[in-house]
Amino acid sequence: MLTVRAPATSANLGSGFDVFGVALGAPADVIRVERAPETSISITGAGSNYIPTDPEKNTVGAVAEALDAPATIRIDKGVRPSSGLGSSAASAAGAAVALNALYDRGLSREELVPVAAEGEALVSGEAHPDNVAPSLLGGFTIATDDGVTQVDASLPVVACLPETSVSTRDARDVVPKTAALEDVVDTVGHAATLTVGMTRDDPELVGKGLNDAIVTPERSALIDGYDAVREAALEAGATGVTVSGAGPGVLAVCYAADQRAIAGAMMDAFDAEGIESRAYQTTIG
Ligand code: HSE
């Protein structure tokens, strides 16, 4: 039996739609694997009732197939599905690491990125490495057609998850197909600022770099209470706030000293809209 912990992730970071991602210290999935003649999957934990255990319909089953590594796989979900924290990606990344080791396949973490991304495609409809890459490599990742670049960033964040759900497919439907040149120019500037901020572990630069005028305004409209929660986090000291992944999770970047107040303010703001939420005070890393 082999056990792997796979971290939650936050993709996009506003200005890096389908490109940027970060690994979070919490929550995480725990994946246990044992060699078996055929793959079987059992799931416990957050949102486990909503995840198919049929290996043909589960991200993890697709990873086992891709690695030709049949196993009894037990997943303890810490990352709630459809919350914006890369739930299916965490399971796919964890399974890829665990099965690669169980069967001595000898693939590097970088080589496991496309394997885990294919698994994730089963759920989201398209293969986006922006969640599996940080779950596998840690820190901040830039995933493009040319491959993945990783930076060992470490910054305090608050990830606040309302009890509501937004499906990735729905959230992709609202993404504009075209953008005004001035918005593209603006977004490139923010993405570059964010990247430099990650190399310096600088909450001010990363917070500024989360701004995006193209995708986030459309996505945030799907999240009840988003504007109030964003405002509350900024008032409590967050250096920047954006939608986490496809939502409805909301990510705030901050200094460690403000983390607790920001978490409380975000939860209170959701509560004022009649929405229960949970806030993780954690770190990119
Ligand atoms: N980049 C993806 C999106 C992440 O925001 O749609 C979720 O799979």
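Bear in mind these aren't lab numbers, they're just calculated from the coordinates by the rules spelled out. It should be emphasised that the depicted structure is a prediction, and the values quoted were computed from it without experimental measurement. Glycine also receives a Cβ, built like all others from the backbone with ideal geometry; neighbour counts cover every protein chain displayed.
Things to note:
- The Stokes-Einstein estimate for segment 181-225, based on a Kirkwood radius over Cα pairs and taken at 10 °C with 1.306 mPa s viscosity, is a diffusion coefficient of 142 µm²/s.
- Calculated FRET efficiency for the pair Ala256/Arg105, C-beta based, R₀ 41 Å, to 0.05: 0.55
- Environment charge at Val166 (Cβ cut-off 14 Å; Lys +1, Arg +1, Asp -1, Glu -1): -1
- For segment 1-47, the equivalent ellipsoid derived from the alpha-carbon gyration tensor has semi-axes of 29, 12, 10 Å in decreasing order.
- Scaled against 2.2 N^0.38 Å for its residue count N, the alpha carbon radius of gyration of segment 201-277 is 1.03.
- Reported value for segment 45-139: 89 Å³ per residue, from the convex hull of its C-alpha atoms.
- Neighbour net charge for Ile73 - beta-carbon separation under 14 angstrom, K R +1, D E -1: -2
- Net charge contributed by nearby residues that have their C-beta within less than 10 Å of Ala92 (K/R +1, D/E -1): -3
- Cα-based shape type of segment 159-211, given that a ≥ b ≥ c are square roots of the gyration tensor eigenvalues and the cut on a/c is 1.5: oblate
- Treating each Cα of segment 85-184 as one equal point scatterer and applying the Debye formula with no solvent, the log10 of I(q)/I(0) at q = 0.11, 0.19, 0.20 Å⁻¹ comes out as -0.41, -1.07, -1.13.
- Counting every pair of alpha carbons in the chain, the share spaced more than 22 Å apart comes to 53 percent.
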